[in-house]
Amino acid sequence: MSRLLNKVAIITGAASNPGLGYASAVRFAEEGAKLVITDIDMQGLAVAEKNLTALGAEVLAMEQNVVDEDRWQQVIDATVERFGSLDILVNNAGIALLRPISEYTTADYDLQMDVNIRSVFYGCRKALPAMIASGGGSIVNMSSVAGLRGLPGVSVYGIAKAGVQNLAKTIAMEHAADGIRCNSVHPGLIDTNIQNDARRDNYDEFVKIGESVPWGRMGFPEEVANCVLFLASDEANYVTGTELVVDGGLMAK
Ligand SMILES: NC(=O)c1ccc[n+]([C@@H]2O[C@H](COP(=O)([O-])OP(=O)(O)OC[C@H]3O[C@@H](n4cnc5c(N)ncnc54)[C@H](O)[C@@H]3O)[C@@H](O)[C@H]2O)c1
């Protein structure tokens, strides 16, 4: 109940339930964090705010398109104004445009890269001064196993997620002296709303893919959230510039 006591955390893309941002916000709330949750989905965000408040957390919910650089500054400023510091940033918001490279348009490319990597660059760059002023902190960037190896159909999503991982390493090096850690989390197949298209388009195939994971099923959002919590907390005090794979053994195959 106190692993993040009085820590102030921003989590992007926190409206989706089941989703990794929302699940992380729940774990953070259970461990005593003060939360700033953001998303483009205001309806989902309102429900998330209500649920997290019911868990006893102090919550600030803000509409944010993570591609908007100016909005990032407003979110950081509002966080510090409301809670007095910024200790944790979870760059979680993301989309998955999955199709063969030959079918990928330039507009697809721009959208995928903007939402999944440009946003993380903005978020880290804007958060760092506030974290330095707070005496240090932890940034957790949501990557994917798709950032670690080539997978059919994953193309530009994989490029963006590899970038997220690499950016975390650079920030870890540049800001170790400021007491700021930065790591990436690499989920495998996790059953969240991001899987809705795959689930709807071919349910039998969707089930088969889950069964092909060495652990025998897709992951639960809470199983990723527990890893985000660890990296965000002081328990991971000597962990920086690295990746935490959460995939039921997928990468070991
Ligand atoms: N679920 C998986 O299998 C899986 C695997 C690897 C990595 N990931 C990554 O985890 C992160 C969360 O995914 P999820 O599975 O919870 O997906 P999700 O679709 O359930 O949630 C994503 C959230 O991000 C929000 N979002 C999308 N675009 C946004 C934008 N421009 N600005 C702000 N918010 C925006 C959505 O509204 C949604 O609430 C993503 O970065 C995704 O790439 C997911």
Other residues with Cβ under 13 Å from the Cβ of LEU189 give, with Lys and Arg +1 and Asp and Glu -1, a net charge of -1
Full extension between LEU5 and ASP77 adds, at 0.36 nm per residue less the Cα distance, a length in nm of 23.8 nm
Please report, in debye to the nearest 20, how large the charge dipole of the chain is about its Cα centre when each Lys and Arg carries +1 at its beta carbon and each Asp and Glu carries -1 there.
420 debye
Counting only DSSP loop positions in region 139-224, the trypsin sites (Lys or Arg not before Pro) whose Cβ has at most 11 other Cβ atoms within 10 Å are ARG149
With no solvent term and unit scatterers on the alpha-carbon positions of the chain, Debye gives log₁₀ I(q)/I(0) at q = 0.11, 0.13 Å⁻¹ of -0.54, -0.76
Once you charge only the Cβ atoms, +1 for Lys and Arg and -1 for Asp and Glu, what is the size of the charge dipole of region 191-238 about its Cα centre, to the nearest 20 debye?
120 debye
Could you sort LEU148, LEU45 by accessible area so the largest value comes first, with the probe set to 1.4 Å?
LEU148, LEU45
Non-local residues with an amide H under 5 Å from the amide H of ALA61, with H modelled 1.01 Å from N and Pro and chain starts lacking one, are ILE37
Residue ranges of DSSP H helices in the chain that stretch 20 Å or more (Cα, own long axis) and have mean Kyte-Doolittle hydropathy of at least 0.0 are 119-133, 155-174
First select every other residue whose beta carbon is under 9 angstrom from the beta carbon of GLY136; then total the charges, Lys and Arg +1, Asp and Glu -1.
-1
Once the dipole of the chain is set up with Lys and Arg at +1 and Asp and Glu at -1 on Cβ about the Cα centre, which of TRP72, ALA146, ASN17 lies farthest towards its positive end?
ALA146
Given 0.36 nm per residue, what is the gain on full extension from ILE95 to ASP41 after removing their alpha carbon distance, in nm?
18.1 nm
With a 1.4 Å probe and every protein chain kept in, tell me what percent of the accessible surface of the chain is carbon plus sulfur.
54 percent
For region 8-252: accessible area per residue (Å², 1.4 Å):
44 Å²
Among the listed pairs LYS7/LYS208; LYS126/LYS208; LYS7/LYS50; LYS34/LYS169; LYS126/LYS161; LYS7/LYS253, give every one whose C-alpha distance is greater than 30 Å.
LYS7/LYS208; LYS126/LYS208; LYS7/LYS253
Overall form of region 1-94 per C-alpha gyration tensor (a/c, 1.5; a/b vs b/c)
oblate
Please give me the summed charge of the neighbours of THR53: other residues whose Cβ is under 15 Å from its Cβ, Lys and Arg +1, Asp and Glu -1.
0
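The values are calculated or read from the model by the stated rules, or taken from the named source; none is laboratory data. None of the values given here were measured: they were computed from a predicted structure. Virtual Cβ from ideal backbone geometry, glycine too; neighbours counted across all protein chains shown. Side chains included, ligands, DNA and RNA excluded: accessible areas come from the protein's heavy atoms. Shrake-Rupley method; radii C 1.70, N 1.55, O 1.52, S 1.80 Å.
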